[in-house]
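This report concerns only the one structure given below.
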Amino acid sequence: MPARILSIGTALPATSVPQQDLRAFFADQPDATRLTRRLIGAAFDAAGIETRHSVLTGLGGTPDGVFVGEGATLLSPTTGTRNELYRQSAPELATEAGRRALTEAALSPSQVTHVVTVSCTGFFAPGLDFRLIRDLGLPPTVERSHLGFMGCAAALPALRTASQITAAQPEAVVLVACVELCSLHIRDASDAEQIVAASVFADGAAAAVVTADENLGTPGGITLERFGTALTNEGESDMVWTIGDHGFNMRLSAEVPRIIGREIRAAVDRFLGDQPAPARWAVHPGGRSVLDRVEAGLQLEPTALDASRAVLRDHGNMSSATILFILRQLLADPTVSGRIAALAFGPGLTVESALLHKTR
């Protein structure tokens, strides 16, 4: 039997900030020039986002002494300080998402045999995989894998890994957990690329329960039929994620949506082959312009990306966790059934694809 997603659980930090408040926060920084303020206004207004969540309590303008100083001034803590907050905050969110996923799957923690964790916004050891086993009360014999620093596309390789595990061990129950705290790496929005990053990224966690055993857990779900991956012919220097002294540095050029728009048709045609395109799509919303380019490049119906646009609107770009938020919406929607195509984009530029099938 092919692997299927039984359930998806999600978790968000307590701090929720309207996009317009974040727009004002960055535009009001004392070193923001008139041009910078104009660029901030344009980027934030065009993002297609209404609300984002963050582990940073000061992003609403309240001084916290670490990221936000007096007068709502953005500070520049070291990478060590940022990573320590990741170590404190990421396991709790991942555990919350995992607990919800197991509850909705009608499985107990003792039934989990494998854990696959995903993150690109922090590091520590023992890591998220260790903490999930301890905090969820999973068996100490659970086998662990971690996919790190693969960016926004990493959830699909994680689901592919879960599918491969269940193909080898049909009785396996795999918990896939993605947690990203992108806001830990906010920095002075003094150039166009930093402004784009500041306008879209947010924090969140999501977990999926995957098994090929049809006798386990809730019936139905989303079947994982097959996966594909491709490197685009250009874009290696347009989406880049490196480690600096004051946080991780995201380079996200204005060319990214245009590259995706030019490359997406060929990548999807290679993946689908002679099969007709599904009516439903789960596309990682790097930003509204990325979704617009995918919709135009694939000539999709306007409703095909409704779930992707809704997650972007309500939560922003939570890197790897975002595609699971979208699949959760499709899983919960009683009007959705049949084939679903999933696409996610990562540094490189990498296109990850999955062909799925939802049964009611």
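The values are calculated or read from the model by the stated rules, or taken from the named source; none is laboratory data. The structure presented is a predicted model; accordingly, all values stated were derived computationally and were not measured. Quick reminder, even Gly has a Cβ in these numbers, built from the backbone with ideal geometry, and neighbours come from all protein chains shown. Ligands, DNA and RNA are excluded from the accessible area calculation, which covers all protein heavy atoms including side chains. Shrake-Rupley method; radii C 1.70, N 1.55, O 1.52, S 1.80 Å.
Values computed for the structure shown
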| item | result |
| --- | --- |
| Residue selected from region 10-20 under the condition surrounded by 14 or more Cβ atoms within 10 Å (Cβ to Cβ) and either farther than 16 Å from ASP203 by Cβ or β-branched (Val, Ile, Thr) (or both), by the criterion nearest to the chain's Cα centre (by Cα) | THR10 |
| Residue satisfying all of: in region 101-136; open to solvent by less than 10 Å² (accessible area, probe 1.4 Å) and of a type in the set (S, T, N, Q); farthest from ASN83 (Cα to Cα) among these | THR117 |
| From PHE248, PHE201, PHE227, residue being out of contact with any Leu (no Cβ under 6 Å at 6 or more places or on another chain), open to solvent by 30 Å² or more (accessible area, probe 1.4 Å), modelled with pLDDT of 85 or more and under 25 Å from ASP28 (Cα atoms) | PHE201 |
| Only listed residue being modelled with pLDDT under 95 and part of a loop (DSSP other than H, G, I, E, B), chosen from PRO63, PRO77, PRO126 | PRO63 |
| Criterion violated by ALA207 - all others in (1) surrounded by 22 or more Cβ atoms within 10 Å (Cβ to Cβ); (2) of a type in the set (A, V, I, L, M); (3) over 25 Å from VAL176 (Cα atoms) satisfied | (3) |
| Output for region 343-360, where each listed residue is surrounded by fewer than 24 Cβ atoms within 10 Å (Cβ to Cβ), modelled with pLDDT of 90 or more and over 30 Å from ASN249 (Cβ atoms) | LEU355, HIS357, LYS358 |
| Tabulated pairs, region 65-91, first touching a residue at least 60 places away in the same chain (Cβ under 8 Å), second assigned to a strand (DSSP E or B) and open to solvent by 60 Å² or more (accessible area, probe 1.4 Å), C-beta under 7 angstrom, 6+ apart or interchain | THR79/ILE243 |
| Count - residues of region 331-342 that are open to solvent by 10 Å² or more (accessible area, probe 1.4 Å) and in contact (Cβ under 8 Å) with a residue 40 or more places away in the chain | 3 |
| When residues of region 30-60 are limited to those that are under 15 Å from SER183 (Cβ atoms) and part of a helix (DSSP H, G or I), the one modelled with the highest pLDDT | PHE44 |
| Answer from ILE195, ILE222 - the residue that is in contact (Cβ under 8 Å) with a residue 24 or more places away in the chain and in a strand (DSSP E or B) | ILE222 |
| Residues located in region 137-161, provided they are in a helix (DSSP H, G or I) and open to solvent by less than 20 Å² (accessible area, probe 1.4 Å) | GLY151, CYS152, ALA153, ALA155, LEU156, PRO157, ALA158, LEU159 |
| Among (1) outside any strand (DSSP E or B); (2) open to solvent by 30 Å² or more (accessible area, probe 1.4 Å); (3) touching a residue at least 12 places away in the same chain (Cβ under 8 Å), the one test that GLN164 misses | (3) |
